[in-house]
Amino acid sequence: MECELCSGPGGVVLWAHEHLRVVLIDDLDYPGYCRVIWDEHIAEMTDLSVEQGLTIMEVVFGVESALRRLFHPDKVNLASLGNMTPHLHWHVIPRFLGDRHFPQPIWGMPQREAEVLPQVDLQKLKEALGQILPKGRVE
């Protein structure tokens, strides 16, 4: 079975490092929805060395910080599921009281039609990530 995160970027690449990348998911219902993806095909956090685990979490927390600064969400969801795609990645999802699923997970039943949500300015998001994340390359 082919892995979608090995065969493609998994979204619009915003920032990349030696072992991982941050991508933006194109989902109008969830502006700013990002994934932090480990480049090597592994399934679990404990497959990483301690140093690698600290690196990925530093990036996850940095993405959360950048999204909070830009979008002022009511909540940020962090999740590493991998049930459908067993390739190590973290979801970083800004949540708003008026989004389609709040307070439920975005994978559940919609609660309402989405209200008007913030727009993503790709350049501002890349700049914010470049200021917060460890030295890497902004795409």
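Here, each number is a calculation from the coordinates, and none is a lab measurement. Bear in mind the structure is a predicted one, so any value in this text is a computation, not a measurement. Cβ placement follows ideal geometry from the backbone for every residue including glycine, while neighbour counts extend to all protein chains displayed.
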For the chain, cysteines with no other Cys Cβ under 4.7 Å from their own Cβ are listed as C34
Rounded to the nearest 10, the angle in degrees between the Cα long axis of helix 50-71 and the longest principal axis of the Cα atoms of the chain comes to 20
If N is the residue count of the chain, its Cα Rg over 2.2 N^0.38 Å rounds to 1.02
Dividing the mean separation of Cα pairs under 8 Å (6+ apart) by the residue count of the chain yields a relative contact order in percent of 28
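Going by the alpha-carbon gyration tensor, a ≥ b ≥ c the square roots of its eigenvalues, is region 1-71 rounded (a/c under 1.5) or, if a/c is not under 1.5, prolate (a/b greater than b/c) versus oblate?
Details: a/c = 2.25, a/b = 1.23, b/c = 1.83.
Oblate, since a/c reaches 1.5 and b/c is not below a/b.
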With the dipole of the chain defined by +1 on each Lys or Arg Cβ and -1 on each Asp or Glu Cβ, the option from Q104, S65, H17 whose Cα lies farthest towards the positive pole is S65
If every Lys and Arg gets +1 and every Asp and Glu gets -1 at its Cβ, then about the Cα centre the chain yields a dipole, in debye to the nearest 20, of 460
Counting Lys and Arg as +1 and Asp and Glu as -1 over every other residue whose Cβ sits under 15 Å from the Cβ of Q111, the net charge comes to -1
With label points set 7 Å from each Cα along the Cα-to-Cβ direction at F61 and Q123, the distance between them in nm comes to 3.2
